[in-house]
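Reviewing the structure listed below.
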Amino acid sequence: MASESFVEIFRKAVEREPYPYQTTIGTATQFPELVVVPTGAGKTAAVLVGWLYRRRWHPEPAVRTATPRRLIYCLPMRVLVEQTYSVALNILDRLSLRQGPDSVGLHVLMGGASESEWRTHPERDTILVGTQDMLLSRALNRGYGESRYQWPFSFGLVNNDCLWVLDEVQLMGAGLATSCQLDAFRRRWGTYGPTHTLWMSATVSARDLQTVDREAPQRVLELADDDRRHEALRRRLQAKKVVRRSDVSLKKEKDPSYFRSLASEIVGTHRAGSLTLVIVNTVRRAQVLYDELKSLWAPARGKGRAKQKVRSIGPTPELLLVHSRYRPADRQRLLGRLLDKPGDAGRIVISTQVVEAGVDLSARLLFTELAPWPSLVQRFGRCNRAGELAEGGEIRWIDIEPADDALARPYDNEALSAARDCLRTLSDAAPVYLAPVELESPVTHVPRARDVLQLFDTSADVTGGDIDVSRFIRDTDDRTLQVFWRAVDDRWTGRGSIRNPPDGLERARREELCSVPVGELREFLRRTSDSEWINGWCWDVLDGRWKRVDPGQLRPGLVVLLRADLGGYDPERGWTPQARSAVAPVTPPADATSALLAPEESAEEDDGTYTTQWVPLAVHLDDAEREARAIGDALAGVFNGDGPIPDILLRAARLHDLGKSHPAFQDTLLCRLSSDERSTREKVTWAKSPPANRARHRLRPYFRHELASALAILKRPELLSDIVDDRRFLVAYLVAAHHGHVRLAIRSVSGERRPEHPEVRFARGVYDGDVLPEVDLGGGLRLPTTELSLEPMELGLTSDGQRSWTERAWRLCDELGPFRLGFLEALLIAADWRASATMHPAEVEHA
């Protein structure tokens, strides 16, 4: 691209001049580690444009090379994700980077969002915006809402060649310490490509980012005198916000008088044509207060107090309830109304912490329940935000009874007491008058090196269970999962109220999902179920079917199916566990193409095998090698001088599916054909077939062709004659791991068909002594007739003196580091996925 200055690029992207600190982010020799600037000062634009400039326009080639190709923008709340995505979209549009060969990918990662595009093109410049739940869980190799067999795919990509930007970190709780630890481990174990972490907030210090394995950031960027002299920023920093205590205080959780009195004070102080924002600390209190306010303008019935209230309070302002527990369409509708200009009667918004940061609101009047000082500072930023009100804004804080720990939740009384002391002496909340902030929330769970290494192994235990990473991502009181509702129809099996969803039920779409606290869903299921039947289901990855979920086993990251007739949701109020009316299922968009598949591939399924046409094995291997070459060439500079890696990827791509020549796999592709068509097609070794031929492995349940491929590679070293000896096992490992089922261990699974002879080893549908026939692998390679051996699955040395598979795999992890090894896994998977999407002329199907 033509060389342009940062100021020119910023002006084009944001349509204003940059502040001096924003220019520093884009032009300094290195990215800062911590950016501390007041709310509303343009941190998002600074980082997005700064990264784009350094990646595409910076005059120094070394700076462009040292800038990671993926920007991962991590936020604590969904509403911030949607707003940041919108900002990024506008910036890319203005810079003409949405289309064409120089385009930059932009993807949102929240519950239910499709992830295929950003993962299948790891060589492209990409912006990935998501919540801390979705992003940190993937960085820990336990991606929430993601198939376990795809965890390594995301893990490899979000830990290599990335700029991690964590914004509003004062709201991240345990996730903040986890991000610091992960940054330390990336430095310790190494990554492919430059990888850097940048934390941003208006209310943190470098000390808040010091953890057991990471020192406090040294490169801290704050506002300088030049920034403070900038007229627009100076006006924002000095914006007048008069602070006074509300006449109402919270003394009991379920005291109706609190909500009546607060509603009366809100109505009495609201001005027509303006925005009044009320922030309370829990969703339940927000819903009750909203209902109380709504009742004030409800049509009066009969005589008495209700009718008198309507006459006395005047025109009806628009009432909005905003929190984090809505389905996406309802949340988007509310966010759109929230950001619109208020009408003549004005607008009253009842909200939770969801508007505390990042949301571009500017209220004339702000009510806020007492909260920790960092949260209050963020809330103050939603009042007279840019200093646009000549008379200033007004803030009324609501005290909370200090003797009741339950009332303080989700905070603690100690933090509220410190904030109360600050408020008692504060008369103006303009940013220049606010006291410095220190985060005092104790971190109880911090991932150590052994935890991250343990998480590198994605094998399930015998029950399908996993290590719970939620303690590293959210604080205990802030953990959620996803639910979706479906109406019972004729496909559900059972009688009366006891019905089970079909295994082929359509996967949950993003627009159906609602975030729900784990504890509240647990109570909801216990209330709506009887002693024998539970009315919630999760997908069982081992058995490949929907399974009733035990409320006691709910954990963050799960996706739970609920019956629509049981209630629990209202479009206006969001997740409402006490609501009994049937939930209206979300109608899929007109262009929805979701097949009737389970939401997560089971241990027996092989979805990638079924495409739109028949593809011979040699043709598919040609395609995979071509895609691996394209990826490797584009990423040649990230391998840190590790010359053999591109050749290893090419050879792994060429050999990755040779195990499909196994008779059990070929039978699966051909078993639904007529005898005449089968006799014709049996003359070719196939890699892919149309979905109409979809079947489970009838000869060998749970058969995994990639294990057969890896065992054949170990048995035939001549296939790797051009690969250096100490990297040959890496080829076998990548081949075995490319579907995520066989990685650090070779194990049988429950339900496999045992060999007739009890002494014969077996695992994943492969038997000791199985024979692969001679087959053309394309590219001048042929696999001779090969007898497979499962001896590597045993501990200790094999008969030819080799270590076991597990020992060699962990040595490989130790040599390369888990992040680099995961990245290589991801690249091979991407090449395979792209090869599988290749369309061929009709004659290929009749080879």
Amide H contacts of residue 250 (H built 1.01 Å from N, under 5 Å, at least 5 apart or other chain): 399, 400, 401
Cα-Cα longer than 29 Å, checked against 254/294; 12/241; 241/341; 240/341; 43/254, kept in input order, equals 12/241; 43/254
Count charges around residue 830 for me, please; just the other residues with Cβ under 9 Å from its Cβ, Lys/Arg as +1, Asp/Glu as -1. -1
Looking only at lysines whose Cα falls under 17 Å of residue 715's and that sit 8 or more positions away or on another chain, we get 660
Using the charge dipole of the stretch 11-58 (Lys, Arg: +1 at Cβ; Asp, Glu: -1 at Cβ; taken about the Cα centre), state which of 19, 34, 50 has its Cα farthest towards the positive end. 50
In the chain, which whole DSSP H runs stretch at least 18 Å along their own axis (Cα) and average 0.0 or higher on the Kyte-Doolittle scale? 78-94, 256-269, 818-836
Among 324, 686, 141, flag the residue with its Cα farthest along the positive direction of the charge dipole of the chain, charges on Cβ as +1 for Lys/Arg and -1 for Asp/Glu. 324
Can you give the convex hull volume of the alpha carbon atoms of the stretch 29-145 per residue, in Å³? 129
Toy charge model, Lys and Arg Cβ at +1, Asp and Glu Cβ at -1: the chain dipole around Cα centroid in debye, rounded to 20, equals 2960
Summed residue charge, Cβ within 13 Å of residue 279's Cβ, Lys/Arg positive, Asp/Glu negative: +2
Please figure out what share of the DSSP beta bridges in the chain is antiparallel and state it in percent, rounded to the nearest 5. 30
How much of the accessible area of the chain, probe 1.4 Å, is carbon plus sulfur, in whole percent? 48
Using only Cα atoms, locate the centre of the stretch 26-62 and the centre of the stretch 353-369, then give the distance between them in Å, rounded to an integer. 27
Using the Karplus curve 6.51 cos²θ - 1.76 cosθ + 1.60 with θ = phi - 60°, work out ³J(HN,Hα) for each residue of the stretch 755-772 in order, rounded to whole Hz, and write x for Gly and Pro. x, 4, 8, x, 8, 7, 5, 8, 6, 6, x, 9, 10, 4, x, 4, 10, 8
Using a cut-off of 13 Å between beta-carbons, work out the net charge of the residues near residue 682 (Lys and Arg +1, Asp and Glu -1, residue 682 not included). 0
Where does each of 747-758, 711-722, 127-138 land if you order them by average Cβ count within 10 Å, highest first? 127-138, 711-722, 747-758
Dipole magnitude of the stretch 343-448 about its Cα centre, charges +1 at Lys/Arg Cβ and -1 at Asp/Glu Cβ only, in debye to the nearest 20? 280
Provide Rg over Rh for the stretch 165-207; use the alpha carbon set for both Rg and the Kirkwood Rh (inverse mean inverse pair distance). 1.00
Dividing the convex hull volume of the Cα atoms of the chain by its residue count, what figure in Å³ per residue is obtained? 186
Placing +1 on the Cβ of each Lys and Arg and -1 on the Cβ of each Asp and Glu in the chain, which of 75, 197, 280 has its Cα farthest towards the positive end of the resulting dipole? 280
Between the alpha-carbon centers of the stretch 785-830 and the stretch 264-279, tell me the distance in whole angstrom. 65
Can you give the charge dipole size of the stretch 88-169 about its Cα centre, rounded to the nearest 20 debye, using +1 on the beta carbon of Lys and Arg and -1 on the beta carbon of Asp and Glu? 200
Let me see the P(r) profile for the stretch 688-804: every Cα-Cα distance counted, bins of 10 Å, each bin given as a percent of all pairs. 12, 42, 36, 10, 1
Can you list residues from other chains, or at least 5 along the same chain, whose modelled amide H is less than 5 Å from the amide H of residue 325? 575
With the 1.4 Å probe rolled over protein heavy atoms, the chain has an accessible area per residue in Å² of 40
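The values are calculated or read from the model by the stated rules, or taken from the named source; none is laboratory data. As the structure is a prediction and not an experimental result, all values here were calculated from the model. As a convention, Cβ positions derive from the backbone with ideal geometry for all residues, glycine included, and neighbour counts pool all protein chains shown. Accessible surface is based on the protein model in full, side chains and every heavy atom, while ligands, DNA and RNA are left aside. Shrake-Rupley method; radii C 1.70, N 1.55, O 1.52, S 1.80 Å.
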